[in-house]
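A quick write-up on the structure given underneath.
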Amino acid sequence: MKLHHGSFQAEQDQRKVKLGLRLPLLSSEEALCTVLAARTDSITPELGSLGSIAMALIDVPQSRKLEEFRSDLKARLFRASDAVYALPATRERPQDQIVLILEDCKPEDAPKLLARMQTAAATPLKFGIVTAPADGIDPAKLISLAQSRLREVR
């Protein structure tokens, strides 16, 4: 509930109690931060965890539609724990983007996977990759770092 910025409410009316759970609609970025927080929570190095998570932020090519491109990338993933999220364009970020979250992915393996996806897409992709815990575990900082690493790879 905390991760999703929810609140628990209880109302009592004489002999009846009404319980409620309110979960607000989150923006795409807030939802992504929530997902990253949940994923990175399980890889905290201080607790002895040795896992890692890679996140790739990909600009949607101008010739592709957001949902179509998201579905195409999702079909190319091979592990059930990997996930694909859409970040529709906003005023602050005028480019549609896709986020891949790759569970238990070593920092050196993520660029190889993106290179294979780029070959399959048959178009140059502009992407930025971060890994947790190597690049940190704060979701907002990871997203910001991935944005700063966006570059076109040929």
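The values are calculated or read from the model by the stated rules, or taken from the named source; none is laboratory data. All of these numbers come straight from a predicted model, not from anything done at the bench. When we count neighbours, we look across all protein chains shown, and the Cβ atoms used for this are built from the backbone with ideal geometry, even at glycine. Heavy atoms of the whole protein, side chains included, go into the accessibility calculation; ligands, DNA and RNA do not. Shrake-Rupley method; radii C 1.70, N 1.55, O 1.52, S 1.80 Å.
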Filtering segment 125-154 down to residues that are open to solvent by less than 60 Å² (accessible area, probe 1.4 Å) and part of a loop (DSSP other than H, G, I, E, B) yields Pro133, Asp135, Gly136, Leu150
* Asp109 vs. criteria exposed (fewer than 15 other Cβ atoms within 10 Å of the Cβ), of a type in the set (Asp, Glu) and farther than 17 Å from Leu142 by Cα -> yes
